[in-house]
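Please treat every number below as a calculation from the coordinates, not as lab data. Nothing here was measured: the structure is a model prediction, and the numbers come from that model. Methodologically, a virtual Cβ is constructed for each residue, glycine included, from the backbone with ideal geometry; neighbour enumeration extends over all protein chains shown.
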Amino acid sequence: MIKIQLSLPESVFSVTRSKPEQFVQELRLAAAVKWYEIGMASQSKASEIAGISRQDFLAALDRFEVSPFQITADELEAEIIDQPMK
């Protein structure tokens, strides 16, 4: 495992009203959610980045108001229309 060290002013911890350890966890989660939202990471990889289970990551997506689906409504409609009838 690689360890990354960040230097942050103490005042930033007020953003989450938390201790440094909790702030780091929230920072990892926020990055993972954003990277998932823009399609850089899958749910599996994003949950690994955040250091939480996939189930907890899905709950976090809800908290951040991010859709768990990486397909737009238009893309889904196009897929449905393009499928032959059975």
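General remarks:
- Tally of Lys pairs whose C-alpha atoms are under 26 Å apart, taken over the chain, 8 or more apart or cross-chain: 6
- The GNM of the chain, with springs linking C-alpha atoms under 10 angstrom apart, assigns the highest mean-square fluctuation among SER42, SER11, SER67 to SER11.
- GNM flexibility winner over the chain from GLU65, GLU37, GLU75 (Cα, springs under 10 Å): GLU75
- Listed by Cβ neighbour count within 10 Å, with the fewest neighbours leading, PHE69, PHE57 appear as PHE69, PHE57.
- Label assignment, volume of the Cα convex hull per residue in Å³ derived from the structure, set (i) 70; (ii) 137; (iii) 222: (ii)
- Dipole in debye (nearest 20) - the range 17-82, about Cα centre, beta carbon charges: Lys, Arg +1; Asp, Glu -1: 620
- Helix runs (DSSP H) in the chain reaching 24 Å along axis by Cα, Kyte-Doolittle at least -1.0: 20-37
- Estimated from helices alone, the mean residue ellipticity of the chain at 222 nm is -16500 deg cm²/dmol (sum of -39500 (n - 2.57) over DSSP H runs with n ≥ 4, per residue).
- Between VAL12, VAL24, VAL33, the GNM of the chain built on Cα springs shorter than 10 angstrom shows VAL12 fluctuating the most.
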